[in-house]
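A short worksheet on the structure shown next.
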Amino acid sequence: MWDLFIHPSNLFFSVSLCVMLLLGIFECLLLLIGSTSQGFLDQFVPDQLVEAQHSHHIDIDADPNVFVQFLDWLYLGRVPVLVWLIIFLTVYSLFGFIVQAIIFNLTQSYFPLWIIAPACLFLCMPIVRICAAGIAKILPQDETTAIHSDELIGRTAQIILGEAKPNYPAQAKVKDQFGQMHYILVEPETDIIFLQGQDVILTQRTKIGFQAIALSIN
């Protein structure tokens, strides 16, 4: 077993396992002094994944690139970064050791480092995803009142600054289902004018805000 650990062909797996243990020890020491490394690690995660960790309703103007989609597939952002990193290092190192042990038992030799290290990095990713998904289900999730912008459609807004004309929106305020106030730009859906203080009903999104119709008062 020790020969497996120190063999040059298994250098990346040995280093990964040691780094994982050091991260665990370091985090435990931080917890003892009432601190954590999580906030520091979060800054290296793409914004879309950080938002996804807190809410399933995110308003992204453009589709995330392939790299971000891949990280999301790996559940990075759905579990704390440190937890994901420990999962990855553990799976990668153990997967590599197991493959090398099997090969050694069959051939009495190890795969070269330049072959086995990238191959295991690629092959272990589905296992990393499965483990991260399992951890995500048991970890407590933060509650959030974040909403998708489309959820404001159908709500009553009030023009608070200026007059709203077609293609010339004015500022309005609208309260969501959680009681939080949002300040948005509103323009009429038809060729009319909304005056300051007027209540309107939001009907659809635009590139910069919303279109609305006048609130009928019976």
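The values are calculated or read from the model by the stated rules, or taken from the named source; none is laboratory data. Since this is a predicted model, take the numbers as computed values, not measurements. Here Cβ is always computed from backbone atoms with ideal geometry, including for glycine, and neighbour counts include all displayed protein chains. SASA here: full protein model, heavy atoms, side chains in, ligands and nucleic acids out. Shrake-Rupley method; radii C 1.70, N 1.55, O 1.52, S 1.80 Å.
A few comments on the model shown:
- FRET efficiency for residue 109 and residue 2, using Cβ-Cβ distance with R0 set to 22 Å, rounded to 0.05: 0.80
- For the range 92-218, the calculated P(r), taken from all Cα-Cα distances in 10 Å bins from zero up to the bin holding the longest distance, is 11, 27, 12, 9, 11, 13, 11, 5, 1 percent.
- One quarter of the convex hull surface built on the alpha carbon atoms of the range 154-193 amounts to 2.8 nm², the projected area averaged over directions.
- Remark: the range 164-218 carries 63 Å² of accessible area per residue (probe radius 1.4 Å; ligands, DNA and RNA excluded).
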